[in-house]
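First comes the structure, then the notes that go with it.
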Amino acid sequence: MQNITFNTLKWIKISLINFCVVALAGILLRYKINFSLPFVDQKFLLHAHSHFAFTGWITLILMTLMVNYLQQKKIDTNFKKYHYLLVANLIVAYGMFFAFMAQGYELYSITFSTLSIFISYGFAFTFWRDINKVIDESFKRWFKTGLVLLVVSSIGAFTLAGLMAMQIKVQDYYFAAVYFFLHFQYNGWFLFVCFGLLFSYLSKKELAVSSTINKRIFWIMAITVAPTYFLSILWLKLPLVLHVLADISGILQLAVLIYFIKLLPLLKNNLSFYLTPSAKYLWLLAYAAFILKVILQLLSIVPFLSTYAFAFRPIVIGYLHLSFLGIISFFILGYISEILSDFRSYMPKTGVLIFITGVIIQEIVLMCQGLEVFGFRSLPYGNIILFYPAIIIGSGLVWVTVKVYQRS
């Protein structure tokens, strides 16, 4: 007998509040860059913002949606264990947030960060056992690979902690560890779970996606996810074989776009009937952002572009936000909109449009700042301008969260 005690709607609401906290921290970061805020340490706040974004927003909501997937499949398990895992994740996420705000990388923040990793291990182990009860392998492989890459990403976090503990201050090692963690989170754990959710949703709506397309997209991404990490660290003196492997993997991912584009008629012609208005906008933008991300990743093969791209802060921030907001968060918010419709609720279109507008303006400004690398004139008052889309993004998210609470 199933023991269903997991409240998906409650955890969606909590996750949205956390996303608002991430946005608020982003606004404070932009304010601190331009104006005086003496009681806030910029570096500490940046660490708090990024760690909470990963643990308090993306990881928490992905775990929630994965458990909801098991519920939809009517898996025979005690769902209360997931409630406890998410409560633990939520506690350490806020522990990290306030610890990093107060002290940066010190005892308490490192302790909470380590605990968050072990909680992710616990979730991965628990979910792995339960998803084995699902018959359909085409979706299962996306989730299981995402869990493996979640665990793999922690190697970067532990390496970074080890470097700091041993007081090894070689900047190249530091950035290599950071990019390792980011790569296997963004291009591994986050992306693979989102694809699993997408294909499972299409199946639920009885929209047939060729199993061949599904399988080929999966295998191309699975095979290339590790080698494309080297595209992030080409500024290191890597052996020639790793350079070649990274280049080949970047080119191979273009094949994903070919298959991905084949899905567009299905998304455009059929999902327009099924999707809520908010999900329609968000998923089309996530689709476009994914295509842009793969193209930009391929361009990093060019040595000149790679050298400057990872050395110029606006480009790095723009690329990370393209993935974090443009692909992952857009997709997740669209998926949440569809779940809310099952509860006879919906995501406010106005709030979503405000959020989207802020993200697009931010990316355009960061792109303009990035053009300085190629000799273009610097954007006047660029940092002050970026303060305003941060406010727009936060305003849109607060609007969405308040309306979701009111309507469900």
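Tabulated data
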{"quantity": "Filter result for the condition that a residue is without any contact (Cβ under 8 Å) to a residue 12 or more places away in the chain and not assigned by TED's automatic domain parsing to the domain that holds Y335, over L45, L37, L24, L62", "calculated": "L37"}
{"quantity": "Sole exception among (1) hydrophobic (A, V, I, L, M, F, W, C); (2) surrounded by fewer than 17 Cβ atoms within 10 Å (Cβ to Cβ); (3) modelled with pLDDT of 95 or more for M164, by number", "calculated": "(3)"}
{"quantity": "Unmet criterion (only one of (1) aromatic (F, W, Y); (2) under 22 Å from V92 (Cβ atoms); (3) within 21 Å of the chain's Cα centre (by Cα)) for F6", "calculated": "(3)"}
{"quantity": "Residue match in the range 50-59 (condition: within 22 Å of L198 (Cβ to Cβ), in a helix (DSSP H, G or I) and small (G, A, S))", "calculated": "yes"}
{"quantity": "Yes/no for A176 being surrounded by fewer than 22 Cβ atoms within 10 Å (Cβ to Cβ) and over 30 Å from E338 (Cα atoms)", "calculated": "yes"}
{"quantity": "Extreme residue, nearest to F127 (Cα to Cα), among residues of the range 67-81 that are outside any helix (DSSP H, G or I) and within 26 Å of the chain's Cα centre (by Cα)", "calculated": "F79"}
{"quantity": "Test: residue in the range 10-32 that is more than 19 Å from V178 (Cβ to Cβ) and over 23 Å from the mean Cα position of the chain (by Cα)", "calculated": "yes"}
{"quantity": "Filtered residues of the range 365-408 (kept if surrounded by fewer than 19 Cβ atoms within 10 Å (Cβ to Cβ), in contact with a Lys or Arg (Cβ under 9 Å, 6 or more places away or on another chain) and under 14 Å from K13 (Cβ atoms))", "calculated": "Y405, R407, S408"}
{"quantity": "Residue, farthest from T8 (Cα to Cα), within the range 77-107, restricted to residues that are surrounded by fewer than 16 Cβ atoms within 10 Å (Cβ to Cβ) and of a type in the set (S, T, N, Q)", "calculated": "Q103"}
{"quantity": "Unique match (being under 17 Å from Y274 (Cβ atoms) and touching a helix residue (DSSP H, G or I) at 6+ places or on another chain (Cβ under 7 Å)) among S337, S341, S323", "calculated": "S337"}
{"quantity": "Test set (1) in contact (Cβ under 8 Å) with a residue 12 or more places away in the chain; (2) assigned to a helix (DSSP H, G or I) - Y84 fails condition number", "calculated": "(1)"}
{"quantity": "S138 vs. criteria within 30 Å of T212 (Cβ to Cβ), hydroxyl-bearing (S, T, Y) and touching a residue at least 60 places away in the same chain (Cβ under 8 Å)", "calculated": "yes"}
{"quantity": "Verdict on I75 being in contact with a helix residue (DSSP H, G or I) (Cβ under 7 Å, 6 or more places away or on another chain), assigned by TED's automatic domain parsing to the domain that holds I119 and at pLDDT below 95", "calculated": "yes"}
{"quantity": "Answer residue from the range 37-66, given it is over 18 Å from the mean Cα position of the chain (by Cα) and of a type outside the set (K, R) and is nearest to W11 (Cα to Cα) among those", "calculated": "L45"}
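So that you can scan it fast, the table gives a plain yes or no per residue for (1) basic (K, R); (2) part of a helix (DSSP H, G or I); (3) assigned by TED's automatic domain parsing to the domain that holds A288; (4) surrounded by fewer than 18 Cβ atoms within 10 Å (Cβ to Cβ):
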site	(1), (2), (3), (4)
S232	no, yes, no, no
K237	yes, no, no, yes
G250	no, yes, no, no
L257	no, yes, no, yes
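The values are calculated or read from the model by the stated rules, or taken from the named source; none is laboratory data. Since we're looking at a predicted model, the values are computed, not measured. Methodologically, a virtual Cβ is constructed for each residue, glycine included, from the backbone with ideal geometry; neighbour enumeration extends over all protein chains shown.
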